[in-house]
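The values are calculated or read from the model by the stated rules, or taken from the named source; none is laboratory data. Computed from a prediction, not measured in an experiment: that's the story for all the values here. Note that each Cβ is placed from the backbone with ideal geometry, even for glycine, and that neighbours are counted across all protein chains shown.
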Amino acid sequence: MKEDITSIQTEALSAIESAESLQQLDDARVAFLGKKGSLTAISAGMRNLSKEEKPIIGELLNVARTAITDKIAEVKGKLETIADQKLIEGVDVSLPGRVLNEGNLHPMTLMRDRAIQILRRLGFSLAEGPEIETEFHCFDALNTPEDHPARNDGDTFYFDASEDGLRKLLRTHTSSVQVRTMESQKPPVRIISPGSAYRRDEIDATHLSVFTQLEGLFITEDVRLSDLKGTLEYFFQALFGEDTETRFRPHFFPFTEPSFEIDVKLKVKGQEDKWIEVAGCGMVDPAVLQQICNSREDDVFSPDKVTGFAFGMGIDRLAMIQWGIRDIRHLIDNDTRFLKQFA
Ligand code: DAH
């Protein structure tokens, strides 16, 4: 029996040593130590041994089992190391890792959000309107006559007339949201509405056919021109810095009377100061309020009861001023070399 044990041990150790895979190693373990393994079979014969022989053979069996178990662990470690090495074969671990590009907000988003934040502090809330508009909401209700140049086919994107003969269009300004808001809410109204506007402009460094405006409207009892001035002066100072100078230049818009264009003084080191137009504004024309009363069939917006101011600004223009962007097309090119600068 002693010899049997010794020879099984030798046989087992050499089988384990020569295993070339984890599977072969496990097969060897089963063959010697498994339920039907050869060493297990011998252990079963212990029963028939004499009292004197039992401890001696028992000791031998233990030594053999430990030797085999240790060997299996040792070879298993080696095989696993080889497997790991195979896995990374051909991988150059000295190469730099692949960097995941972190995204950042688009400058237009940054500018829009900042503008909204400032105006919210003044009590304005957000309003929305459709980009595909009726001529009524875009022009008629805003006191803009049929023959106004903005209504021209060459300046505006029109859709084909529908069966009822009405033509829809891509809104040329966000001022249509003024009308939609007054149709659906009662005074006091204090809203801003950022969004896209569309014009058939020749695209160049300062013009796009789609651009972003922010409309504002404040209507309640006794709103005055001084409220308009104060609000917009505060806005541009909060946006561009406390020492920002603004200028209100008389202008004409069909939907406001009086109307102004607002310029902001641009100060660039080493250059002469320059006034840049950033917005249009004015006191809501009584004709607009009257038109709203007609549509609503009530008089809550009657020019005898309420007054208000409105303004509209180009967010693209504000972004260009804020960051010294010389060409508006950068804002739609999606060139990451440009966009990364705003991270
Ligand atoms: N809608 C004008 C435009 O697109 C901008 C504007 C001017 C909006 C005066 C207004 C306003 O609300 O009162 O050029």
Self-check item: Residue in region 260-278 that is modelled with pLDDT of 95 or more, in contact with a His (Cβ under 6 Å, 6 or more places away or on another chain), closer than 20 Å to PHE218 by Cα and in the same structural domain as ARG112 (by TED's automatic domain parsing) present
Solution: yes
Self-check item: Pairs where the first residue, in region 235-250, is free of Cβ contacts under 8 Å to residues at least 40 places away in the same chain and the second is surrounded by fewer than 17 Cβ atoms within 10 Å (Cβ to Cβ) and not in a loop (DSSP other than H, G, I, E, B), C-beta under 7 Å, 6+ apart
Solution: THR244/GLN237; GLU245/LYS265; THR246/GLU233; ARG247/TRP275; PHE248/LYS229; PRO250/PRO258
Exercise. Output the helices (runs of 4 or more DSSP H) that fall wholly within region 1-116 and possess 2 or more residues being surrounded by fewer than 14 Cβ atoms within 10 Å (Cβ to Cβ) and touching a residue at least 12 places away in the same chain (Cβ under 8 Å), or say none.
Key: 2-17, 53-87
Self-check item: Only one of THR81, THR69, THR144, THR40 that is in the same structural domain as VAL177 (by TED's automatic domain parsing) and among the hydroxyl-bearing types (Ser, Thr, Tyr)
Solution: THR144
Quiz item: Looking only at region 302-335, which residues are within 16 Å of the ligand (Cβ to nearest atom) and hydroxyl-bearing (Ser, Thr, Tyr)?
Solution: THR307
Quiz item: Just one of ASP298, ASP304 is within 22 Å of ASP227 (Cβ to Cβ), loosely packed, with under 15 Cβ neighbours inside 10 Å and at pLDDT 95 or above; which is it?
Solution: ASP304
Quiz item: Within the bounds of region 292-301, is there any residue that is in contact with an Asp or Glu (Cβ under 7 Å, 6 or more places away or on another chain), of a type in the set (Ser, Thr, Tyr) and away from the ligand (no atom under 16 Å from the Cβ)?
Solution: yes
Quiz item: For region 221-238, which residues satisfy the criterion of being buried (at least 16 other Cβ atoms within 10 Å of the Cβ) and more than 35 Å from the chain's Cα centre (by Cα)?
Solution: VAL223, ASP227
Self-check item: Restricting region 173-216 to residues that are surrounded by 22 or more Cβ atoms within 10 Å (Cβ to Cβ) and assigned to a loop (DSSP other than H, G, I, E, B), the residue that is farthest from the ligand (Cβ to nearest atom)
Solution: THR174
Quiz item: Consider VAL223 against the criteria (1) within 16 Å of the ligand (Cβ to nearest atom); (2) part of a loop (DSSP other than H, G, I, E, B); (3) under 26 Å from GLU135 (Cβ atoms): it satisfies all of them except one. Which criterion is unmet?
Solution: (3)
Exercise. Could you list all residues from region 97-128 that are at pLDDT 90 or above, more than 30 Å from ASP327 (Cα to Cα) and not small (Gly, Ala, Ser)?
Key: ARG121, LEU122, PHE124
Exercise. Identify, by number, the condition in (1) free of Cβ contacts under 8 Å to residues at least 40 places away in the same chain; (2) surrounded by fewer than 18 Cβ atoms within 10 Å (Cβ to Cβ) that SER259 doesn't meet.
Key: (2)
Quiz item: Only one residue in VAL268, VAL264 is aliphatic (A, V, I, L, M) and surrounded by 15 or more Cβ atoms within 10 Å (Cβ to Cβ). Which one?
Solution: VAL264
Quiz item: Here are some conditions: (1) modelled with pLDDT of 95 or more; (2) more than 31 Å from the chain's Cα centre (by Cα). ILE192 meets all but one. Which one does it not meet?
Solution: (2)
Quiz item: Given the structure, is THR244 away from the ligand (no atom under 15 Å from the Cβ) and touching a helix residue (DSSP H, G or I) at 6+ places or on another chain (Cβ under 7 Å)?
Solution: yes
